[in-house]
Amino acid sequence: LVYGVDAAITFDPSKVHVVGIARNTSAFPNNDYELQNVFDNTGGTAVISVITGIISPPTINSATTIATFTFQAVGPGDISISFDEDRTIAIASGEGSSNVITASTPAQVVISGTTYNSDDFADLAAHWLSTGSGLAADVNADSAVNARDLGVMMSFWED
């Protein structure tokens, strides 16, 4: 029985920014117990903290996704996204204050040098505030054409 989880990551803020953190509602179904969901795109950190109900905490017996961190590219290059080992913990019944996380795997991301030009901007303007999947102007793939897409385009602008 898992009573609480803190998942904290570090990243290079000159390459990516966090645009959202979504708790895995299958593993932790109660919205009332999400204590923290914050990110600092200047310092390159993000954390989600979940504490479960003492009466009926979830049973987790295998590798489980705790949360999904969504990023937006702000610069090209290689980047590592790592767990902050001092702040990423899970506490379970019968384990006292011991961290029950046995492994965490950092991610290596390569942000390609995709460039955008006036044709891409025209497509963005034509679909401004459109929503849905598969929109060409939705360059950050969040199912909405908005200022976030414009920001990505401006970061990778080429005449």
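Amide H contacts under 5 Å for residue 20: 70, restricted to partners 5 or more places along the chain or on a different chain, H placed in the peptide plane at 1.01 Å from N. Computed over neighbours whose Cβ is under 14 Å from that of residue 14, the net charge equals -2, Lys and Arg +1, Asp and Glu -1.
Applying the criteria of a DSSP loop state and at most 15 other Cβ atoms within 10 Å to the chymotrypsin sites (Phe, Trp or Tyr not before Pro) of region 62-159 yields 128. Here the sum of -39500 (n - 2.57) over DSSP H runs of 4 or more residues, divided by the residues of the chain, equals -3000 deg cm²/dmol at 222 nm, to the nearest 500.
Across the protein chains, with a 1.4 Å probe defining accessible surface, the residues 45, 102 rank 102, 45 from largest area downward. For the pair residue 121 and residue 100, a Förster radius of 35 Å applied to the C-beta separation gives a FRET efficiency near 0.10, rounded to the nearest 0.05. Expressed as a fraction of 2.2 N^0.38 Å, the value expected for a compact globular protein of N residues, the C-alpha radius of gyration of region 66-159 is 1.53. When the Gaussian network model of the chain links Cα atoms closer than 10 Å, the mean-square fluctuations of 82, 14, 118 top out at 118. Here, P(r) means the percent of Cα pairs in each 10 Å bin from 0 to the largest distance; for the chain it is 10, 32, 29, 19, 8, 2, 0.
Surface analysis of the chain yields an accessible area of 57 Å² per residue, using protein heavy atoms and a 1.4 Å probe. Neighbours of residue 140 by Cβ distance under 15 Å: Lys/Arg scored +1, Asp/Glu scored -1, total -3. For region 76-159, the carbon plus sulfur part of the accessible surface works out to 51%, probe radius 1.4 Å.
The values are calculated or read from the model by the stated rules, or taken from the named source; none is laboratory data. Quick caveat, the model's predicted, so the values are computed rather than measured. Every residue, glycine among them, receives a Cβ derived from its backbone with ideal geometry; neighbour counts consider all protein chains shown. All accessible areas refer to the heavy atoms of the entire protein, side chains included, with ligands and DNA or RNA removed. Shrake-Rupley method; radii C 1.70, N 1.55, O 1.52, S 1.80 Å.
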